[in-house]
Amino acid sequence: MNNKVPAHEIIIARSDSEIQQCYDVRIAVFHIEQKFPLETEIDEYDTNKTATHFLLRLTPSLTPAGTIRAYMAPEGYYKLSRLAVIKDYRSFRFGRELVVALHDWVKTHALNAGSTEWVEIVSHSQLPVKGFYSKYVNNAYIGPSK
């Protein structure tokens with residue numbers, strides 16, 4: 001694969017087909033590549049449709065290359081989870097782009113819900129990628145510019 005970043009887009013997966021593509025990316029990364037049990041991949045946030053799924057896909061082919069999801073935890077914070085990028089595309093910083101897209105969505109969602117200052121974004125990660133998350137996952141300031 002060359003070093004040129006392929007043309008791509010990040011969308012919020014709304015249709016059943018788009019959400020299934022998110023699941024397919026997660027299954028390819030977490031189950032097939034990393035050998036986690038398949039039955040642990042789809043959980044209550046997927047089945048009760050409380051999560052918002054982001055899909056990174058190549059254009060113009062619309063080939064899925066990455067995904068991330070977010071949901072509002074009962075404790076009142078936003079939860080970032082299930083970030084997955086297909087191995088062939090990890091060198092293009094798509095993981096970072098997905099986290100930034102999620103942060104932007106959280107800001108909009110929180111403002112629409114009446115938040116005016118800070119919201120908390122939490123993530124649990126596998127130990128090998130903890131450093132990645134520590135760079136990009138934190139509290140998001142959503143108030144007016146200072």
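The values are calculated or read from the model by the stated rules, or taken from the named source; none is laboratory data. Just so it is clear, the structure is predicted and the values come from calculations on it, not from any experiment. For neighbour counting, all protein chains shown are included, and Cβ atoms are generated from backbone atoms with ideal geometry for every residue, glycine included. Each accessible area value is taken on the protein alone, full model and side chains, heavy atoms only, with ligands, DNA and RNA left out. Shrake-Rupley method; radii C 1.70, N 1.55, O 1.52, S 1.80 Å.
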On the given criteria, is residue 82 at positive phi, in contact (Cβ under 8 Å) with a residue 12 or more places away in the chain, charged (D, E, K, R) and open to solvent by 30 Å² or more (accessible area, probe 1.4 Å)? yes
Per the list (1) at pLDDT below 95; (2) open to solvent by 70 Å² or more (accessible area, probe 1.4 Å), residue check on residue 37 breaks on (2)
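Yes or no, residue by residue, for (1) outside any strand (DSSP E or B); (2) open to solvent by 20 Å² or more (accessible area, probe 1.4 Å):
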position: 17; (1), (2): yes, yes
position: 28; (1), (2): yes, yes
position: 57; (1), (2): no, yes
position: 61; (1), (2): yes, yes
position: 70; (1), (2): no, no
position: 98; (1), (2): yes, no
Considering (1) open to solvent by less than 60 Å² (accessible area, probe 1.4 Å); (2) under 14 Å from the mean Cα position of the chain (by Cα), say which one residue 93 fails and leave the rest. (1)
Report, ordered by the first and then the second residue, all pairs with beta carbons closer than 6 Å, sequence separation of six or more or different chains, a first member in the range 5-17 that is farther than 18 Å from residue 70 by Cβ, and a second member that is in a strand (DSSP E or B). 6/58; 8/56; 8/58
Specify the residue that is modelled with the lowest pLDDT; the eligible residues are those in the range 42-51 that are touching a strand residue (DSSP E or B) at 6+ places or on another chain (Cβ under 8 Å) and assigned to a loop (DSSP other than H, G, I, E, B). 50
Scan 19, 12, 86 and give me the residue that is modelled with pLDDT of 95 or more, β-branched (Val, Ile, Thr) and farther than 23 Å from residue 109 by Cα. 86
